[in-house]
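A short worksheet on the structure shown next.
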Amino acid sequence: MPTLEWIGKEKVINHHQQVPYRVLEEKYTYNAEKSDNMIIRGDNLEALKALLPQYEGKVKCIYIDPPYNTGNEGWVYNDNVNDPKIKKWLGEVVGKEGEDLSRHDKWLCMMYPRLKLLQKLLAEDGAIFISIDDTEFHNLRAICNEIFGENNFITTIIWHKNYAPKGTARHFSEDHDYILVYAKDGDKWVPNKMPRTEKQNKAYKNYDNDPRGLWRPNNLAARNFYSKGVYSITCPSGRVIPGPPAGSYWRVSEEKFWEMDRDGRIWWGKDGNNVPAPKIFLSEVSDGIVPQTLWEYEEVGHTQDAKKEIKKIFEGDTPFDTPKPYQLIERILQIATNAESIILDSFAGSGTTAHAVLNMNKTDGGHRQFILVEMMDYADSITAERAKRVIDGYGEGKSAVEGTGGSFTFYDLGKVLLLPNGNLNEDVPADKIQEYVYYMETKEAMTVSGNGNPYFLGSSRDTAYYFFYEKDSITTLDHTFLATIPEKAEGYIIYADLCTIPAEELAKYNITFKKIPRDIAKL
């Protein structure tokens, strides 16, 4: 498979492994005492790393709207990745070489490690949807092939985003964006079917009062050879049709055709003289239709809709210039989620994804969970504020929108868990350290399952895990500690500062001692 090369690539292809693991610091919860919905303020690269212990392999649907890299610096979100935070990151990771990067090199350096972590968070039956335009479309497709696998490419959706041409366009008015779709595993991801629309159902009539109800005529001819599809047909009127049109075939065999006719499933026209058309009954078609790749603004909204909506939410202000319409994200959620899915957006912007999830949960009673990450300072004042207003309701008079209900917890990126010298950061709470250690040992999220021993982390695959740690004192794995272990397991992994039990005795009871902090693996 061809791969894309750019300046700085060798510095970033494995950079996600060097990103320090930070704990998430809870700041407040809105509209509840506790909420599974999350809005995280901070660098999305570090935030994605912080999510791994709890969410690796669990996110059903990822939607991201990264910078398009158009060179337009007038936006709140600097769209040519010259934001000071990104420039600082490039300097630290790519080094002096980064000073000479083109804006495309910079964009690729920024995107690659983030996509690597997103791929880890995606569930085996999950999919990622990425908004983009022509500026970086082909570069994005190339690195997604590399990260997700070319065989997991699903499709490119075209969103008709403008309802009128732009008179200021120099060459062409760009009326569409792309949404690139990849699955974690293309064999396991199956999109939900879309509900039938009234417009689609209007195509069904009942020209002959068939007791089976509404139907529409189908074309008997097809370009593909389905069966023994070349034969003459004599109409009830006596007209002889010598065969299908040149270059095509009848889509059913002659035997099958006359069987359908005897069952009243062929329409010959009012005079019995038409080219026969198989009937497709509305009652027999699927409850839904396969999603299509062309999304018109009449169905999923356009950019002006999105601007009007955010202006309405923020009472006349427009704090974000380039929001997506929430209907667009709702379409993605319809296709890619169920009522219990986890949805992640790591370029959260104005919070459209939270808006869409809250709307859908209200509509169908679902419990979808959203996780939003926004690195800019407006994560609280715009992203979270929009979610609050959607939850409570917004607008006035006849245009007022009823609140969706729901809640979320707002987080900041907290302290680094492991210091550069390899030692534990003692300012990190013990429970956060325990969650990290259990994940690194098992690749599973730690759940609350106490057994009477405060240092017990949990059991996985017949192995019990203990993290014997005290912030202000040295801990020792000795016979006294072993006496506090209540359960029997095939094996034990126990962390402590010291161990006084002989190696032969540890082996006898299948105990593995790991020294704090030396043996704590880095994520």
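The values are calculated or read from the model by the stated rules, or taken from the named source; none is laboratory data. Just so it is clear, the structure is predicted and the values come from calculations on it, not from any experiment. Because the Cβ atoms are built from the backbone with ideal geometry, glycine has one as well, and the counts that use them run over all protein chains shown. The protein model used for the area step is the full one, side chains on, heavy atoms only, and it has no ligands, DNA or RNA in it. Shrake-Rupley method; radii C 1.70, N 1.55, O 1.52, S 1.80 Å.
For the criterion of being without any contact (Cβ under 8 Å) to a residue 40 or more places away in the chain, farther than 30 Å from G264 by Cα and in a helix (DSSP H, G or I), E299 passes. In the condition set (1) more than 44 Å from the chain's Cα centre (by Cα); (2) of a type in the set (A, V, I, L, M); (3) assigned to a helix (DSSP H, G or I), A246 is compliant with all but (3).
Yes/no per residue for (1) of a type in the set (D, E, K, R); (2) part of a helix (DSSP H, G or I); (3) surrounded by fewer than 23 Cβ atoms within 10 Å (Cβ to Cβ):
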| position | (1), (2), (3) |
| --- | --- |
| M1 | no, no, yes |
| H16 | no, yes, yes |
| K27 | yes, no, yes |
| A32 | no, no, yes |
| I39 | no, no, no |
| L52 | no, yes, yes |
| P66 | no, no, yes |
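Reported count of residues in the stretch 381-394, each being of a type outside the set (A, V, I, L, M) and under 14 Å from Y326 (Cβ atoms), is 4. Which residues, taken from the stretch 103-125, are charged (D, E, K, R) and more than 15 Å from K49 (Cβ to Cβ)? Within the stretch 103-125, R103, D105, K106, E124, D125 meet the criteria. When the residues of the stretch 412-422 are filtered to those that are under 28 Å from I39 (Cα atoms) and of a type outside the set (V, I, T), the one that is surrounded by the most Cβ atoms within 10 Å (Cβ to Cβ) is L417. What pairs come out if I take residues in the stretch 93-111 that are at pLDDT below 80 and small (G, A, S) and pair them with residues that are assigned to a helix (DSSP H, G or I) and surrounded by fewer than 15 Cβ atoms within 10 Å (Cβ to Cβ) whose C-beta lies under 6 Å away, six or more apart or interchain? Listed by first residue and then by second, the contacts come to G98/G91. Within the stretch 48-92, being modelled with pLDDT of 70 or more and among the hydroxyl-bearing types (S, T, Y) holds for Y55, Y63, Y68, T70. Within the stretch 252-298, being within 41 Å of the chain's Cα centre (by Cα) and basic (K, R) holds for one residue alone: K279. Note on the stretch 239-266: among residues that are of a type in the set (F, W, Y) and crowded, with 16+ Cβ neighbours inside 10 Å, the one that is farthest from R216 (Cα to Cα) is Y249. Taking the stretch 212-249 as the range and being touching a helix residue (DSSP H, G or I) at 6+ places or on another chain (Cβ under 7 Å) and under 19 Å from I280 (Cβ atoms) as the test, the residues that pass are R212, G213, L214, W215. Counting residues in the stretch 267-275 that are touching a strand residue (DSSP E or B) at 6+ places or on another chain (Cβ under 6 Å), closer than 30 Å to L180 by Cβ and either surrounded by 15 or more Cβ atoms within 10 Å (Cβ to Cβ) or touching a residue at least 40 places away in the same chain (Cβ under 8 Å) (or both) gives zero. Scanning the stretch 302-320 for residues that are in contact with a helix residue (DSSP H, G or I) (Cβ under 8 Å, 6 or more places away or on another chain) and not in a helix (DSSP H, G or I) yields a total of 5.
Quick grid of which residues meet (1) among the aliphatic types (A, V, I, L, M); (2) under 30 Å from P486 (Cβ atoms):
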{"position": "I391", "(1), (2)": "yes, no"}
{"position": "G397", "(1), (2)": "no, no"}
{"position": "N421", "(1), (2)": "no, no"}
{"position": "L424", "(1), (2)": "yes, yes"}
{"position": "D427", "(1), (2)": "no, no"}
{"position": "S460", "(1), (2)": "no, yes"}
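When V285, V300 are screened for being modelled with pLDDT under 95 and open to solvent by less than 40 Å² (accessible area, probe 1.4 Å), only V285 passes.
Within the stretch 3-14, which residues are open to solvent by 80 Å² or more (accessible area, probe 1.4 Å) and assigned to a helix (DSSP H, G or I)? Residues satisfying the conditions are E10, K11.
Okay, residues lined up against (1) under 18 Å from L51 (Cβ atoms); (2) of a type outside the set (K, R); (3) in contact (Cβ under 8 Å) with a residue 40 or more places away in the chain; (4) in contact with a Cys (Cβ under 7 Å, 6 or more places away or on another chain):
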{"site": "D305", "(1), (2), (3), (4)": "no, yes, no, no"}
{"site": "I313", "(1), (2), (3), (4)": "no, yes, yes, no"}
{"site": "L328", "(1), (2), (3), (4)": "no, yes, yes, no"}
{"site": "A348", "(1), (2), (3), (4)": "yes, yes, yes, no"}
{"site": "L372", "(1), (2), (3), (4)": "yes, yes, yes, no"}
{"site": "A384", "(1), (2), (3), (4)": "yes, yes, yes, no"}
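Go through the stretch 288-297 and count every residue that is open to solvent by 80 Å² or more (accessible area, probe 1.4 Å) and closer than 29 Å to S253 by Cβ. Summing the residues that are open to solvent by 80 Å² or more (accessible area, probe 1.4 Å) and closer than 29 Å to S253 by Cβ in the stretch 288-297 gives 1. Among the residues of the stretch 387-410, not a single one is touching a helix residue (DSSP H, G or I) at 6+ places or on another chain (Cβ under 7 Å), in a loop (DSSP other than H, G, I, E, B), open to solvent by less than 10 Å² (accessible area, probe 1.4 Å) and within 25 Å of E56 (Cα to Cα). The conditions of being in contact (Cβ under 8 Å) with a residue 40 or more places away in the chain, in contact with a helix residue (DSSP H, G or I) (Cβ under 8 Å, 6 or more places away or on another chain) and open to solvent by 30 Å² or more (accessible area, probe 1.4 Å) are not met by P278.
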